[in-house]
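The next block holds one structure in the form of structure tokens; read it before the comments.
The values are calculated or read from the model by the stated rules, or taken from the named source; none is laboratory data. Source: prediction; values computed, not measured. Heads up, the Cβs are rebuilt from the backbone with ideal geometry, glycines too, and the neighbour counts pull from every protein chain shown.
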Amino acid sequence: MIAYCIEFLLTIKLNFMKQIKIIIAIAIFSALNFMQVNAADTTDNSTALPVELKFAGTFKNQPLIQLNFTGSTEDNAFRIVITDNAGIELYNNDVKGDVFSKQFLLNTDDLGDAVLHFEITGRKSGKKAIYKVSRQQQVTQQMDVVKL
């Protein structure tokens, strides 16, 4: 009878230890998950410059890059600098306006596969946005078979 009681108490103790381990694991997982959410929420978008660079298509088989500005009355003057990987300055210009866009037609005959860096700086705020533009070519072949 005493052996049975000891075995019963050991079983309860082992089950209790398993439950404690599960509770501790859940607490640690919850704390880590909470920390990740807090870290993601602390990103500061006030340092972002209100510009967007995107591929706008092609014109005469040359890539067309469009730079969109959504400035404000406080930050409406920008400097655009375009350099290649070697640091050679290809373009440098100041622009001013609240909401506008500027397009760049890249001559791939002259540039080849060069990687370009677009650096846009707010003249009043000093905030910067830097973009890297690289060219990738893909050859696709398509064949259609149509029943007549």
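Odds and ends about this structure:
- When ASP75, ASP94, ASP113, ASP109 are screened for being outside any strand (DSSP E or B), touching a strand residue (DSSP E or B) at 6+ places or on another chain (Cβ under 9 Å), farther than 11 Å from VAL51 by Cβ and not small (Gly, Ala, Ser), only ASP109 passes.
- Criterion: on the phi > 0 side of the Ramachandran plot and either of a type outside the set (D, E, K, R) or in contact (Cβ under 8 Å) with a residue 60 or more places away in the chain (or both) - qualifying residue of GLY71, GLY97, GLY122: GLY97
Residues checked against (1) farther than 30 Å from GLU74 by Cβ; (2) in the same structural domain as PHE55 (by TED's automatic domain parsing); (3) modelled with pLDDT of 85 or more:
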| site | (1), (2), (3) |
| --- | --- |
| ASP94 | no, yes, yes |
| LEU106 | yes, yes, yes |
| ALA114 | yes, yes, no |
| ILE120 | no, yes, yes |
| ARG123 | no, yes, yes |
| VAL146 | yes, no, no |
